[in-house]
Structures are given as structure tokens and as C-alpha cells.
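Remarks on the structure that follows.
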Amino acid sequence: IACFDTAFHHGIPDVATRFALPRAFMERGIRRYGFHGISYEYIARRLEQVDPALAGGRVVTAHLGNGASLCAMLAGRSVETSMGFTALDGLMMGTRSGALDPGVVLHLLRQEGLSAQQVETMLYKQSGLLGVSGVSSDMRTLHASADPHAAEAVELFCWRIARESGAMMAALGGLDGFVFTAGIGENDPLVRKQVCDRLAWTGLMLDDAANEANAAVISTPDSSITVCVIPTDEERMIALHTIAMLEEIL
């Protein structure tokens, strides 16, 4: 039994799957797929249990860990996501660059003389929080560091989340809820606050005490956006799919 991390995003609109490349490449499978789908599917199911009304609306979920991405969900279904053809796209991550001007890659190959393998290693293993800070890919270490580059890395991480969240809102035509999940999303009040402060223009109001306590709902009662912290459980989601498949087979 295989549970594909891209499956949850298979229903996104065709326009959201396309790159502006010659059509022949699209026909060869070069398109946007999206990842963290198992996590997002679990969050969609869990949200139905804890807040059915919100689950039926427009929700952006931020899976923030060593790998990081966003998913725009409408009534529990994915309509857009920040990762694309690979899990390198979108948000800045622990050691991955996230979205990058393709011209930078060409410059690294032509002007800097790096090989394709060296560029791949840099983008996947030497960039992100680690590359910008020069200190660590671990958010806890960055918070504890006195190195100003560590603070710059955290700021950029949160800036990119807020910026890309705007794109998710555009895909949804508005926003009713925002969910933080995964290691950083579930456990880091500082990151959540920086992101929410940058989204205050939407009418989102953060309850600082609830945020510090890692509460299930961290927005104020009069906030226009409900902000939740929901632990993800990809292993449980895989187990549920496995049970369902076995029941069909047996």
C-alpha cells in the first residue's frame, strides 16, 4: 500500500498545475504537484472535528518544519499549494532555499562555475535557515543565538510565509481561518506571532497569551480570521488509508 504525499493536491484547478514553459514539457509531466499532502489531509479531517463551520470555509494551513509549505483549502479540499514540481519550491525551509529566480541557477552554473550537482546540494542542503544564518537549520538554536544573522534568517522565514499566504488568499478569494502545524508551527510562538503580525491587515488579531501557551485557538474572539494550532499526524493518516484499503481488499 502506497500513500502518495502529492495525492491531496490532485484536485487543484488545472491552471494551478501549469508552468509557463513550452506545452510539450507539461505533456511529459513537468507540472506543479505539491507535497505535504498527507499532513494537509489529516488537518482537513481534524478541522472537521474541532470546528466544522471553519472546515467548510476558506483556510490556509502552514506546515512549518524542516520542510515547509502552505496549502489553500476550500471546504477541506486543496485548491493551491506553495510547493510545485519538487519539494524545493515555495517557502524558505531548514536547509532548502524555497522559490528562487531561475536566473540565479543559471548564474551559478555559468558565472560561478558550479556543477549541476553542486547547485543541487546547495539548494537542498546548504540554503534556507542554515544558509542565511550560517548558524543552524534548527529554529530553537536560532532563537537562542546572539548572532544577528540568526535573527535575519528567522525574519526572512516569517516574511516568506506571510508573503506566500497572500497568494493563497488570492486563490481562495478571501480567508476565514489560518492553521499552524508541524514542528515549528505547533511549538514556536515567536514564529507564529511574527507571521500573524504581518497578516494583521486582514483583520487577524492574535491573542498573545493563548499563543504563548500553544493553545488550540490563538486568535482573539473578535478577530476576523480564526487562527488555530493543530498538531499533524501523518502516520495516523497513513494508517487510516491502509485500514480502508485492507477493508476493500478483504
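Here Glu80 clears all of (1) farther than 28 Å from Glu41 by Cβ; (2) in contact with a strand residue (DSSP E or B) (Cβ under 8 Å, 6 or more places away or on another chain) except the condition numbered (1). Note on the range 13-71: among residues that are touching a residue at least 24 places away in the same chain (Cβ under 8 Å), open to solvent by 40 Å² or more (accessible area, probe 1.4 Å) and assigned to a loop (DSSP other than H, G, I, E, B), the one that is farthest from Cys228 (Cα to Cα) is Ile30. Of the residues in the range 101-126, how many are outside any helix (DSSP H, G or I) and either surrounded by 13 or more Cβ atoms within 10 Å (Cβ to Cβ) or touching an Asp or Glu at 6+ places or on another chain (Cβ under 6 Å) (or both)? Counting residues in the range 101-126 that are outside any helix (DSSP H, G or I) and either surrounded by 13 or more Cβ atoms within 10 Å (Cβ to Cβ) or touching an Asp or Glu at 6+ places or on another chain (Cβ under 6 Å) (or both) gives 2. Under the condition of being assigned to a strand (DSSP E or B) and of a type in the set (Val, Ile, Thr), the residues counted in the range 203-229 number 4.
Scanning the range 127-182 for residues that are outside any helix (DSSP H, G or I) and aromatic (Phe, Trp, Tyr) yields Phe178, Phe180. Give me the residue from the range 230-240 that is in a helix (DSSP H, G or I) and open to solvent by less than 60 Å² (accessible area, probe 1.4 Å) and, out of that set, nearest to Gly185 (Cα to Cα). Ranking the qualifying residues of the range 230-240, first place goes to Glu234.
If you filter the range 184-205 down to residues that are among the aliphatic types (A, V, I, L, M) and open to solvent by less than 30 Å² (accessible area, probe 1.4 Å), you find that the one that is nearest to Ser69 (Cα to Cα) is Ile184.
For His9, the test of being closer than 30 Å to Val135 by Cα, open to solvent by less than 30 Å² (accessible area, probe 1.4 Å) and touching a strand residue (DSSP E or B) at 6+ places or on another chain (Cβ under 6 Å) is failed.
The values are calculated or read from the model by the stated rules, or taken from the named source; none is laboratory data. For clarity, every value in this text was computed on a predicted model and none was experimentally measured. Don't worry about glycine lacking a Cβ; one is built from the backbone with ideal geometry, like all the others, and counts go over all protein chains shown. Note: areas computed on protein heavy atoms with side chains; ligands, DNA, RNA excluded. Shrake-Rupley method; radii C 1.70, N 1.55, O 1.52, S 1.80 Å.
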